[in-house]
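A short worksheet on the structure shown next.
Values quoted throughout were computed directly from the atomic coordinates according to the rules given, and no laboratory measurement underlies them. Worth saying up front: this structure is predicted, and the values here are computed from it rather than measured. Quick reminder, even Gly has a Cβ in these numbers, built from the backbone with ideal geometry, and neighbours come from all protein chains shown.
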Amino acid sequence: MKIEISANELFNRIMDLKILVDAGDNDPVAIEAYATGKDGRVVVRAQSYTEFVELQIYARALESGTVSFYFRELAQAAHAFTRHTITITRLAARSVISAGSESITLESPIKANQAVDAPSGGERTVFDSDDFLVVMADVAHAQSEDSSRPTLCGVQFEVAADMKLRAIATDGRCLAVSARQISSAELKKPEFSAFLPRPACEFLVRVPLGKTTTIVQFGNKGQIGIETGGSVGYFNTPEKTFPNWREVVPNDPPLLAEFDAGETEDTLNHAVLALDHKVLVKDDEDDPDSEVTTEYNRLAAHLFYSAETSGDYMDISVKDPYGCTESKFCTRVKCKVPEGGSVEALLDPRFLLRMLRCMSGTVMMSAAKLKDSEQLGPVLFKCPAFPDFFEIIMPLRD
């Protein structure tokens, strides 16, 4: 086996592959050249207990064949020749990586990752790659990071009768939904539904996409495949299905307020930064000057508007977990509220910031009160500039 490749290209693809399969420094990675000439194709691949990924790399195949390395050794060798074109040649149990008169010789692992045939019987659905990536990018921020809830650690994709591709992500406290009219697709059924776990989503954002993205579903085999731009990946899926997200979408809740996304994002950023430092705990009588670090995930954003006192502005105050008066950050943003209305909501500022970064222009905030309660139910945020995107945030309870 003999190939020519940019050292930077090899290093970047190796690091992508290492992340995608959660490989260790001493796990094997294989490079294979399938053919030479204009039909030449070179891939780098690795696998773990749950994933298999094969990435196409931009290289010139001089001789077909396969060679394997350890992740760390190959990455170090590629990094040593930064900005150079290198030649990789297999010589028996060793391989030579060279650039000009300089070279590095590496031993090949006894056990290499061999090519894996795709499971048979999978149902293939082909989408325009732009459609698929855009809707996923809109909602990826809302994926759960709690590995104990695998059905929420990923993105659900659906196509319904309106022929719009929808991406849905949730972590149990917020829900993001984005839709896009399909420009082209090959659907085997009128409707489509597939869950891509987090590693599969990482695959899509790390590989050079082709014009189309093929999703392969293997039914009860617990696997899903992705093929795009000459790269392929097979990933295990959770045993349980993604929850019915439509059940938590409020039905035409009343409008609470309208405000500018950019202005509110800046305000909220300042508020969080003002509290992302050490604060004094005043109720410690033995040591009144003791300091503790504010926990960002316990901050609470209080949105308040009263027709009697607020005028055209909504007050936003962010408190630290201890609720000290000295550690509040209060500011105001211009807003519109239905005549005679009022607004009061307690929300997680992280969710608000993530939502605002996905929007621009006017944001419409809607919510209804819970039955037999003065507290708000799910708070819905929509943006007229992006009619097919909305986000729901569950309010914090006092």
Sorted by chain and number, the residues with a modelled amide H under 5 Å from that of residue 41, at a separation of 5 or more or across chains, are 34, 35
From Cα pairs below 8 angstrom and at least 6 apart in sequence, can you work out the relative contact order of the range 57-105, rounded to a whole percent? 23 percent
Please tell me the relative contact order of the chain in percent, rounded to the nearest whole number, where contacts are Cα pairs under 8 Å and at least six residues apart. 12 percent
Specify the inter-centroid distance of the range 199-226 and the range 384-398, based on alpha-carbon positions, in whole Å. 28 Å
Extension length gain for residue 339 and residue 181 (0.36 nm per residue less Cα distance), in nm, is 53.3 nm
Quick one: 3J(HN,Hα) in Hz for the range 52-59, Karplus 6.51/-1.76/1.60 with θ = phi - 60°, rounded, Gly and Pro as x. 9, 9, 10, 9, 6, 10, 7, 8
Estimated FRET transfer efficiency when R0 is 25 angstrom, pair residue 397-residue 273 (beta carbons, to 0.05): 0.45
Run through the range 192-223 and list the trypsin sites (Lys or Arg not before Pro) located in a DSSP loop whose Cβ has at most 12 other Cβ atoms within 10 Å. 211
Kirkwood estimate for the range 2-107, i.e. one over the average of 1/r between Cα atoms, Å: 13.6 Å
Any chance you could run the full-extension gain for residue 248 through residue 35? It's 0.36 nm times the residue separation minus the Cα-Cα distance, nm to one decimal. 71.4 nm
Taking 0.36 nm per residue of separation between residue 149 and residue 8 and subtracting their Cα-Cα distance, the length gained on full extension comes to 47.1 nm
Longest to shortest principal axis, alpha-carbon extents of the range 123-257, angstrom: 48, 35, 27
Scan around residue 210 for amide H atoms under 5 Å from its own, H built in the peptide plane at 1.01 Å from N, and keep only partners 5 or more places away or cross-chain. 229
Going down the table (336/369; 334/369; 319/382; 240/369; 18/382; 18/211), which pairs top 28 Å between alpha carbons? 240/369; 18/382
Show me the ranking of peptides 345-356, 69-80 by mean Cβ neighbours inside 10 Å, starting with the highest. 345-356, 69-80
The range 38-60 and the range 68-94 have their Cα centres apart by a whole-number Å value of 15 Å
Residue 76 label point, 7 Å along Cα→Cβ, cut-off 12 Å on backbone N: hits in the range 1-43? 25-26
So the angle from the long Cα axis of helix 71-80 to the longest Cα principal axis of the chain, reported in degrees to the nearest 10, equals 90 degrees
Mind putting together the pair-distance distribution for the chain? All Cα pairs, 20 Å bins, whole percent per bin, short to long. 23, 42, 28, 6, 0
Long-range HN-HN contacts of residue 335 with modeled amide H, under 5 Å: 313, 314
Length-normalised contact order of the range 66-217 in % [C-alpha pairs under 8 Å, at least 6 apart]: 22 percent
Spacing of the two label points (7 Å from each Cα toward its C-beta) at residue 312 and residue 48, in nm: 5.3 nm
